[in-house]
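The structure appears right after this line, and notes come after that.
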Amino acid sequence: MSRPPIPSRDVPPRRALALGAAVTALLLPGVVALAGEVPEAPTGRVAERPNILVITVDTLRADRLSAAGYHRPTSPNIDRLFEGGIDFAQARTVEPLTNPSICSMFTALPPHRHGASRNGLRIRPGLPSLPKVLAEHGYTTAAFVGNWTLRDKLSGLGEHFQVYEEVLTRPRWFGLLRKEATAEDLTGETVDWVREHVSRDGAGPFMAWVHYVEPHAPYRLHKDFLSIFGDERRGNYSASDRYDTEIAFVDASIAELLDGVAQVSDPANTLIVFASDHGESLGEHNYWGHGRHLYEPTLRIPMALFWKGRLAAARVTAPAVTLDLAPTVLSLLGLPVPQEFEGYDWTAVLDGAPAPDGRVTRYEAHKGAVISKHESDLARRSGLLEIAMIENGKKEIFSVKKDRRLVFDLVRDPQELNALAPATSDPSDTLLSHMRQVFDGLAAQDEQPVEPLDEDSVAALRSLGYVD
């Protein structure tokens, strides 16, 4: 049996993932088979363009999902997306900070090219993006965000969506932040919009993106989900324990989201994209939080594609980054991929080609926010903290501020405990070349004006830990 071909009005469709080709691909290095065959799509007409649901979860580590082998059942609903779809098991964000990461995901550009390298810096206007291309081909695009750093005033992301809803409905952060949103609020707003859109005659396909705030710090203990601890239940719960209940809480809301969307959009006609913007350090390397360092706990993220009856379940073990999502989704739909996109298109691999051999992936870390006029003049260059690259399982990190180099063998030392080179050693030529590109890109972006932040935004970013 074969997956039905993905038609295109504008470019020739890619050939279907026939069972034979799929099995061949799944036996190639970097891809592991999870299902014996591609299931047939349900009977009935399948729309020419599928609806697209993009789900991003703030601060979600890859290794805290039960699908990844975590010992607590934190994520039964998210697990189903990974078990039935394309699981990018070696996925990483290109920057462990919300606004830069999300901008990179939609534009397939690294932060030093799209300009939003720090929270509070707006993305460079006029860039192509996944939602823009979809809108050009008949999609209605909508975003639902509850994170202060993603407000259009701070991020500039509103340019890329026809509907940009800032769901700032209730206090979070123990009242420190006047307005944020919980997962229930975001789920309700998104489902209501999807239902209204589908009910319109001739509304056409939609792309809806929802960004959940949980499990971002400060982690709350969700008492309705203490069952995840099983026999571990006790009176005192650590920050790490509270983090796990936050995951369980958002997982339950995602189940409601998927159910609500499935009631009006046939799962066989709904492509689901799932990712985290970045991970979280929970004490590793004596660090709590994210954004300032490029160790694995903050870079590694869960990332998956799910399309019932159209994509065979597979586990991609080759390195992937958030830049890859936009070109892969467009290519799966048979839509043109903008030449500016830098991400890797995985559809050829899913169609039988070998996974990329020796791919080099690159990463950046920047200060959290820009709040002073003096700093604004060099907002991007002055904010660069670290750069890194991974090649053939070896990771090289260079701290720009501390003039320190770290090299790790991620295969033998996944916890990055044993540096392979002295901290005073010189960066490799490849990393130096990358550093020059980053500095040049940031310098070019500093020509863009930086709007001063209002008092509410400064207070919000400070309470979120993004102001030094």
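The values are calculated or read from the model by the stated rules, or taken from the named source; none is laboratory data. A quick note: this is a predicted structure, and the numbers were derived from the prediction, not measured. Using ideal geometry, Cβ is built from the backbone for each residue, glycine included, and neighbour counts are taken over all protein chains shown. With ligands, DNA and RNA removed, areas are computed over all heavy atoms of the protein, side chains included. Shrake-Rupley method; radii C 1.70, N 1.55, O 1.52, S 1.80 Å.
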Flag for ALA41 being crowded, with 17+ Cβ neighbours inside 10 Å and at pLDDT below 70:
yes
Do we have SER240 as part of a helix (DSSP H, G or I) and surrounded by fewer than 23 Cβ atoms within 10 Å (Cβ to Cβ) here?
yes
Across (1) surrounded by fewer than 24 Cβ atoms within 10 Å (Cβ to Cβ); (2) not in a loop (DSSP other than H, G, I, E, B), LEU325 clears everything bar (1)
Out of all the residues in the stretch 268-293, which are open to solvent by 50 Å² or more (accessible area, probe 1.4 Å) and touching a residue at least 60 places away in the same chain (Cβ under 8 Å)?
GLU284, HIS285, TRP288, ARG292
Quick check on the stretch 254-288: of everything there that is among the polar types (S, T, N, Q) and part of a strand (DSSP E or B), which residue is farthest from the chain's Cα centre (by Cα)?
THR270
Residues that are crowded, with 24+ Cβ neighbours inside 10 Å and polar (S, T, N, Q): does the stretch 124-132 have at least one?
yes
Test each condition in (1) on the phi < 0 side of the Ramachandran plot; (2) in contact (Cβ under 8 Å) with a residue 40 or more places away in the chain for ALA108 and report the one that comes out false.
(1)
Which ones in the stretch 216-237 are under 26 Å from the mean Cα position of the chain (by Cα) and either open to solvent by 40 Å² or more (accessible area, probe 1.4 Å) or at pLDDT 90 or above (or both)?
PRO218, ARG220, LEU221, HIS222, PHE225, ILE228
Considering the stretch 408-424 alone, what residues qualify as being open to solvent by 20 Å² or more (accessible area, probe 1.4 Å) and either under 15 Å from MET389 (Cβ atoms) or among the basic types (Lys, Arg) (or both)?
ASP409, LEU410, ARG412, LEU420, ALA421
Within the stretch 367-391, track down each residue that is more than 17 Å from ARG292 (Cα to Cα) and either in a strand (DSSP E or B) or at pLDDT 95 or above (or both).
ILE390, GLU391
If PHE249 meets every condition in (1) more than 25 Å from LEU384 (Cα to Cα); (2) surrounded by 24 or more Cβ atoms within 10 Å (Cβ to Cβ) apart from one, which number is that one?
(2)
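Which residues, taken from the stretch 407-431, are outside any loop (DSSP other than H, G, I, E, B) and either closer than 18 Å to ARG92 by Cβ or among the basic types (Lys, Arg) (or both)?
From the stretch 407-431, those outside any loop (DSSP other than H, G, I, E, B) are 407-409, 429-431; that's our starting set.
Within the stretch 407-431, VAL407, PHE408, ASP409, THR430, LEU431 meet the criteria.
Looking at this structure, is ILE102 more than 20 Å from ALA388 (Cβ to Cβ) and of a type in the set (Val, Ile, Thr)? Talk me through it step by step, then tell me what you get.
Working: more than 20 Å from ALA388 (Cβ to Cβ): no; of a type in the set (Val, Ile, Thr): yes.
So ILE102 does not fit the description; no.
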Looking at (1) touching a helix residue (DSSP H, G or I) at 6+ places or on another chain (Cβ under 7 Å); (2) assigned to a loop (DSSP other than H, G, I, E, B), which is the only condition PHE249 fails?
(2)
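So which residues in the stretch 180-227 are polar (S, T, N, Q) and closer than 30 Å to LYS132 by Cβ, if there are any at all? If you could, list the steps in order and put the result at the bottom.
First, pick out the residues of the stretch 180-227 that are polar (S, T, N, Q): 182, 187, 190, 199, 227.
THR182, THR187, THR190, SER199 - these are the residues of the stretch 180-227 that are polar (S, T, N, Q) and closer than 30 Å to LYS132 by Cβ.
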Residues that are touching a Ser or Thr at 6+ places or on another chain (Cβ under 8 Å) and within 11 Å of ILE247 (Cβ to Cβ), drawn from the stretch 62-75
ARG64, LEU65, SER66, ARG72, PRO73, THR74, SER75
Residue count, the stretch 309-322 (criterion: crowded, with 24+ Cβ neighbours inside 10 Å and hydroxyl-bearing (Ser, Thr, Tyr))
1
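So which of ALA116, ALA89, ALA135 ends up being buried (at least 24 other Cβ atoms within 10 Å of the Cβ) and of a type outside the set (Phe, Trp, Tyr)? Even if it seems obvious, please write down each step before you answer.
Working: ALA89 fails: buried (at least 24 other Cβ atoms within 10 Å of the Cβ); ALA135 fails: buried (at least 24 other Cβ atoms within 10 Å of the Cβ).
None of the other options fit; the residue is ALA116.
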Somewhere in the stretch 179-189, is a residue assigned to a strand (DSSP E or B), open to solvent by less than 30 Å² (accessible area, probe 1.4 Å) and more than 19 Å from LEU65 (Cα to Cα)?
yes
Would you be able to say whether some residue in the stretch 437-445 is modelled with pLDDT of 95 or more and among the aromatic types (Phe, Trp, Tyr)?
no
Some residue of the stretch 342-350 being more than 20 Å from the chain's Cα centre (by Cα), open to solvent by 10 Å² or more (accessible area, probe 1.4 Å) and at pLDDT 95 or above
no
Looking at the stretch 214-229, I want the residues that are closer than 24 Å to VAL167 by Cα and of a type in the set (Asp, Glu) and have a partner that is open to solvent by 60 Å² or more (accessible area, probe 1.4 Å) and modelled with pLDDT under 90 with Cβ atoms under 9 Å, at least 6 apart or on another chain. Which pairs are those?
GLU214/ARG220
